[in-house]
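Since the structure comes first, as structure tokens, the remarks are kept for the end.
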Number of protein chains: 2
Amino acid sequence: MARIGLIAFGGRLPVEVAASAEVHVVTFAGVETLLTPTSGTAHRFETLGRVVSELRSVGTERIVLAGSLKRPALDQTAFDSETRALATALSVAVKRGDDAVMRLVIGFFEGQGLEVLGAHEVAPHLVAEPGLVAGPAPADGHRADADRAEAILGALGPLDVGQAAVVAGGRCLGIETVQGTDAMLRQVAETPAHHRPDAAGVLVKWAKDGQDLRADMPAIGPVTVDLAARAGLAGIVVEAGRVLILDRAAVVAAAEDAGLFVLARGE
Amino acid sequence: MARIGLIAFGGRLPVEVAASAEVHVVTFAGVETLLTPTSGTAHRFETLGRVVSELRSVGTERIVLAGSLKRPALDQTAFDSETRALATALSVAVKRGDDAVMRLVIGFFEGQGLEVLGAHEVAPHLVAEPGLVAGPAPADGHRADADRAEAILGALGPLDVGQAAVVAGGRCLGIETVQGTDAMLRQVAETPAHHRPDAAGVLVKWAKDGQDLRADMPAIGPVTVDLAARAGLAGIVVEAGRVLILDRAAVVAAAEDAGLFVLARGE
């Protein structure tokens, strides 16, 4: 079977995908990634047509986009014809949020005849399955906090905002915005004591309603656990089936070390 | 007419209320306030019955609660009978959010036969009226960002979360949680450049849906303008009729200095 094209962005997810299947790795200049491009050459976002040509030349029919992408600066004068056709739609999508951009990019590759898979399809062992992943069983109060965080994320999902929130003793200490989950957890850690209830609090990470899981599927890793512990939280609740757990052994070890629970629920 | 009882917490609002009516000032030990108690003695939250007695003794029939209150630590062994009756409901309300606590306290004073007014009723000149308060007219892009921030706050309001949000070029840079508007603006100021769109962005401050305006009515002041400018924002949009503008002359001066607009809309 032909190799899967792996469009590799930042972080650990592309590494775990590459370890799970035969892949042809595509990288972009200016985007930090832990992988080396199979062709030896990094691509440019201005010339997506060449990415498609390279993938076709190695017989690839299916691709997966994986990892975190910081919005790149684009040089409009360097666009090839395929990318130029995308430019107007892209400028609109950028204003709608990350999901809109990723949906557009996915649509572009599909329009070129490539099938776009999700990282969860290529590496299904990364998907959180229902149940306690690590640490002590959550108390009723933690479940109530998780319920409230879920309700907050549920209200925001249709607006393409919010993949994570922190609630402690019923009080909302943080809602993720474009800065990401780690930045939110750092702010929770800095919250003055008089704003902190007695309850430790819970981080909830949930896929947005209607989110295309092939685009920026939510994930946690050991850094998430570490930052949650530093923020004084009792645990992490992720959506079973729709959130990835990266470097699971390290996640479990970090959670057990910190006495912090990791629970997948919701399926 | 009998003086209005002013339960004075932190910040400038109690000062502006005191300047707008004949008041009898009540303060609490451990709560910073800019005012001096009329009786010369600060009260304790554990003995709210004494607050009611004092107000009755000076013939007060109407009160106003004004200013910001950090959650005080309560000594349950010091509760008087009036406050003890409130204790169970209070512990539930604390978990529901700030509004729930303030509604409970308002209900307590009402139950004691006192009429509870809002700061906006005692000092109506503080209320934002529709129109441009200061600075240049907002561009269409700013209005679109304000629309999106309003939609986000509208989705959260029923959950008793979020009085403010920042949106820039369609991307949400911040949603206020328990730490307050100032803390959110500081985090927006620290947002890495790659997360910032070209658009400067707008702060929207809105009363929560169904919010009792007698409890913690949203307000902006010169510090809000200063922090918004430091966060690189183009302007501030507040809900006309339901947000207070404190120290308006300083707000206007700070906004004009920074080239930042302040707009009230929505009535």
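Every read-out reported here was derived from the displayed coordinates using simple, explicitly stated rules and does not represent laboratory data. Here the structure is a predicted model, which is why all the values come from computation and not from measurement. Backbone-built Cβ (ideal geometry, glycine too); neighbour counts: all protein chains shown.
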- Task: Pull up the DSSP beta bridges for chain A and report the antiparallel fraction as a percent, rounded to 5.
- Result: 35 percent
- Query: When the C-alpha atoms of chain A are aligned to their principal axes, what extent does each axis show, in angstrom, from largest down?
  - Reply: 58, 36, 29
- Note to self, chain A gives a 222 nm [θ] from helices alone (DSSP H runs n ≥ 4, -39500 (n - 2.57) apiece, / all residues, nearest 500) of -11000 deg cm²/dmol
- How much of the DSSP beta bridge set in the protein assembly as shown is antiparallel, as a percent to the nearest 5? 35 percent
- Message: If the elastic network links every pair of Cα atoms under 10 Å, which of A:A200, A:A164, A:A228 fluctuates the most in the Gaussian network model of chain A?
- Response: A:A200
- Task: Would you please classify the overall shape of segment A:117-180 from the alpha carbon gyration tensor, given that a ≥ b ≥ c denote the square roots of the eigenvalues, rounded means a/c under 1.5, and beyond that prolate means a/b larger than b/c while oblate covers the rest?
- Result: oblate
- Among B:I175, B:W206, B:A264, whose Cα sits farthest toward the positive end of the charge dipole of segment B:127-265 (+1 at Cβ of Lys/Arg, -1 at Cβ of Asp/Glu, about the Cα centre)? B:I175
- Mind checking B:63-70 for the average number of partner chain beta-carbons within 10 Å of each residue's beta-carbon? 1
- Task: Under 14 Å from the Cβ of B:A21, count the other residues' Cβ atoms, weight Lys and Arg +1, Asp and Glu -1, and hand me the total.
- Result: -3
- GluC sites (Glu not before Pro) within segment A:1-85, DSSP loop, no more than 16 other Cβ atoms inside 10 Å: A:E22, A:E32, A:E61
- Taking segment A:112-267, how much of its Cα-Cα pair set, in percent, is spaced more than 27 angstrom apart? 17 percent
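Could you tell me the calculated FRET efficiency between B:D140 and A:R230, based on Cβ-Cβ distance and R0 = 25 angstrom, to the nearest 0.05? All intermediate terms of the calculation are to be shown ahead of the outcome.
On the way: r = 42 Å, r/R0 = 1.69.
With a Förster radius of 25 Å, E is 0.05.
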- Note on the structure: Taking a crude spin-label model, label points 7 Å out from Cα along the C-beta direction, the B:A73 to B:E129 distance in nm is 4.7 nm
- Query: Given 10 Å bins starting at zero, what is the percent of C-alpha pairs of the protein assembly as shown in each, up to the one with the largest pair distance?
  - Reply: 4, 17, 24, 23, 17, 9, 5, 2, 0, 0
- Take peptide B:184-190, look around each residue's Cβ out to 10 angstrom, count Cβ atoms belonging to other protein chains, and average those counts. 3
- For segment A:4-122, what proportion of DSSP beta bridges, expressed in % and rounded to the nearest 5, is antiparallel? 10 percent
- Long-range share for segment A:36-122, i.e. C-alpha pairs more than 21 Å apart as a percent of all pairs, stands at 30 percent
- Query: What net charge do the residues around A:G11 carry, taking every other residue with its C-beta under 12 Å from that of A:G11, with Lys and Arg at +1 and Asp and Glu at -1?
  - Reply: -3
- Let me know the charge dipole size of chain B about its Cα centre in debye, to the nearest 20, where only the beta-carbon of Lys, Arg (+1) and Asp, Glu (-1) is charged. 380 debye
- Task: Name the most mobile residue of B:V101, B:V202, B:V237, meaning the one with the largest mean-square fluctuation, in a Gaussian network model of chain B with Cα contacts below 10 Å.
- Result: B:V101
- Task: Would you work out which of B:V116, B:V31, B:Q76 lies farthest towards the positive end of the dipole of segment B:4-122? Charges go on Cβ: Lys and Arg +1, Asp and Glu -1.
- Result: B:Q76
